[in-house]
Amino acid sequence: LIIILLSPKELFLSFILIAILILSSSLLLPLFLRLILSYINNSIEFKNPLITWFFRDTFKQIRRISLSLNALMLSIAVTIGVDNMVKSFEETFSIWLDKRLITEMYVRTNSETVAKKISMETEEENIISIYPIIETKSYFNNSKISVVGFKPKKIYIDNWPIVHESVDMWKKIQNFNGVIINEQFHYKFDINIGDDIQTTDLLNNNNNLKSVVVGIYPDYGNSIPQVMISLERFEDYYSNSFPNNFAVDIKKGSFNDVSEYIQNKYDILETDIINQTTIKEFSKNVFEKTFTVTRSLSDAMIIIATLTLLTSLVSLSEIRVINLSPLWALGITRRSLLKIEFAQFLLLILITLFFAIPVGLLICFLLTNYLNVSAFGWKLPFEYYPVMWVKTLFVSLICCIISIALPTFLMFKNSASLMVKRYKNEC
């Protein structure tokens, strides 16, 4: 288990870890229920013998419906874990998009001549500033990586998302004393802050970048390890290249005017001018639609688990009639017996639901810190959403109450003579 915990990059081991958690929680739930009820039975003396019987008989019920309670617990735990992860990703992704797409316009060119002209553009009054960007392919440890050159100006310093950084990270980049890498690079090659890296250009040995890592940034949706360096340093190593992509900072609401101006002046196609605000909205819509299916599956799991509980209680109703007949014979009314039966199952379900919360959070932790890293190469932040847990527990409790009420009510529709007859036959 320790070896698996120390190997977040292995996808198979991540699945094994989640499987171990599910099996362990399934084994621990009956023990947890027995522990609580044993403590109540052995530590508390009730003056009312009926209450004493209530807790002792509830203890016996655990064995009879443990499988159904396990199904309920796992469905709630998985729902909490997945929903918590999705909510964390949703909020993180939204913030990340705003920080990564920091300018409203992005322009691509295929001509070095046009690119040079655009990089010096200052005539259009709606253009605030232009930030050239260039990218090339290289290799690290015989694996293909991406090297990006950019100008580390104030707009990047104020907005670029960073998960780990050294002291004075931006000053080091500006002074050509460091590079930043994405999380994919960090996890794939186990490279951390302060480590030295050297990239290799298989076609040109002079293009071997040597530097120290001073920061790590999130790069959601990108499967390729990436290194970012200052544009000046990029040109030192890759002198044959010239920036052909530009992040254009424009005045708010002037996208159409600036787009038309650039198309006319530089003969650039409209498809090469990207409205990053539109990309943000599109990406968020795709995200929402994708995880709507996940939420629907989570709700379906809860419904299936409660149906399993209903089936178990219906199957046990005959046995419960026999067990409760002596209480009826002692003078306890059917209404009181119904309340007792309902309260017993409700107690077990409440304990199960609260047991599911930490299990769900552990599932979320494994999803964000292990499975996500091994599958996609980045780690999601682990956030807490108690309101979401309460909502899930409330919906589950309502479903469970319905599952308890139906067989309990039907059980006490039997006639008194039939209850006594069944008890006599059992004896």
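The values are calculated or read from the model by the stated rules, or taken from the named source; none is laboratory data. Quick caveat, the model's predicted, so the values are computed rather than measured. FYI the Cβ positions are ideal-geometry reconstructions off the backbone, even for glycines, and counts take in every protein chain you see. Protein only, heavy atoms only, side chains kept; ligands, DNA and RNA dropped before computing areas. Shrake-Rupley method; radii C 1.70, N 1.55, O 1.52, S 1.80 Å.
How large a share of the accessible area of segment 56-178, in percent, is made up of carbon and sulfur atoms when the probe is 1.4 Å and the other protein chains stay in place?
Ligands and nucleic acids excluded, carbon and sulfur reach 48 percent.
Got the relative contact order for segment 136-216 handy, in percent, Cα pairs under 8 Å and 6 or more residues apart?
35
Per residue, how much accessible area does the chain show when a 1.4 Å probe rolls over the protein heavy atoms, in square angstrom?
Counting only protein heavy atoms, the per-residue value for the chain is 52 Å².
Summing -39500 (n - 2.57) over the DSSP H runs of n ≥ 4 in the chain and dividing by its residue number, what mean residue ellipticity at 222 nm do you reach, to the nearest 500 deg cm²/dmol?
Estimated from H runs of four or more residues: -21000 deg cm²/dmol.
Could you order peptides 149-160, 241-252 by the average number of other Cβ atoms within 10 Å of their residues, highest first?
241-252, 149-160
In whole angstrom, how far apart do the alpha carbon centroids of segment 328-398 and segment 61-99 sit?
Between the Cα centres of segment 328-398 and segment 61-99 lies a distance of 9 Å.
What Kirkwood hydrodynamic radius, in Å, does segment 290-413 give when the mean of 1/r is taken over all pairs of distinct Cα atoms and then inverted?
17.1
Once you've got the GNM for the chain with C-alpha springs shorter than 10 Å, pick whichever of 350, 67, 35 has the biggest mean-square fluctuation.
Checking each option, the largest mean-square fluctuation is seen for 35.
Relative contact order for the chain: what is it in percent, counting Cα pairs under 8 Å that are at least 6 residues apart?
For the chain, the relative contact order is 28 percent.
Can you pick out the pairs among 172/251; 99/188; 280/391; 117/154 whose Cα atoms lie more than 26 Å from each other?
172/251; 280/391
Which order do the peptides 274-286, 106-118 take when ranked by the mean count of other beta-carbon atoms within 10 Å per residue, highest first?
106-118, 274-286
Could you calculate, for the chain, the ratio of the Cα radius of gyration to the Kirkwood radius, expressed as Rg to Rh?
1.19
What share of all Cα pairs of segment 16-134, in percent, falls into each consecutive 5 Å distance bin?
Going out from 0 Å in 5 Å bins, segment 16-134 shows 2, 8, 11, 10, 8, 7, 7, 6, 5, 5, 5, 5, 4, 4, 4, 4, 3, 1, 0 percent.
Mind pulling the angle between the C-alpha long axis of helix 416-426 and the longest principal axis of the chain? Nearest 10 degrees, somewhere in 0 to 90.
90
Quick check on packing: order 374-381, 70-77, 56-63 by the mean number of other C-beta atoms within 10 Å, highest mean leading.
Final packing ranking: 70-77, 374-381, 56-63.
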